[in-house]
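Take a look at the structure set out below.
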Amino acid sequence: AFVTNDGGETWRSVGGEAGDGWRALAGHSVESGFVAGRMGRYTTTAGGRLQPVFAGASGLRGVTDVTIGADLRGWLAGDGGLLLKTKNAGISWSVPDGDVPRLLRDVMDFRAVAAVGDSVWVAGHPGSVVWHSDDGGGTWTAQATGHSAPISALSFSSATNGCAVGTLGS
């Protein structure tokens, strides 16, 4: 992991225990954040240092994306329909109250998650649907994309305005 304090002109390595296969990062302040990756491994950063690596938030399923807001609430997405939420910047994770249909765990790998307030979107492979909740994970609605190419990233500036990108130029 690396950090910058000058807009990316220079980077320095973050101290602490090195990790392998990090895929996702959510920084909720300049010196604090959450890092996750392969095989369910994750850690936090504090004081500009990686903390000891943990496993178990997701079993052995890989984490592919995480988002944590300034209010310390966030979401984690990954392989096998993995979707978890946090209220404390990733110190602990739980299954959403209204779990996305369990059938998805057999057919979908989540690659992207975005949240604005109580609105949450999650998508991945296949990219034919974006799952949306407007009540913090209590209920979920499938939103068809019209394309099957996997979605790699989601970004929303408000509860109604967002975009998705994916493979094959989608």
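The values are calculated or read from the model by the stated rules, or taken from the named source; none is laboratory data. For clarity, every value in this text was computed on a predicted model and none was experimentally measured. Remember, those area values only see protein heavy atoms, side chains included, never the ligands or the DNA or RNA. Shrake-Rupley method; radii C 1.70, N 1.55, O 1.52, S 1.80 Å.
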Quick one: is Ala149 small (Gly, Ala, Ser) and in a strand (DSSP E or B)? no
Looking at the range 134-158, which of the residues that are over 22 Å from Arg61 (Cα atoms) and within 15 Å of the chain's Cα centre (by Cα) is least open to solvent (accessible area, probe 1.4 Å)? Gly136
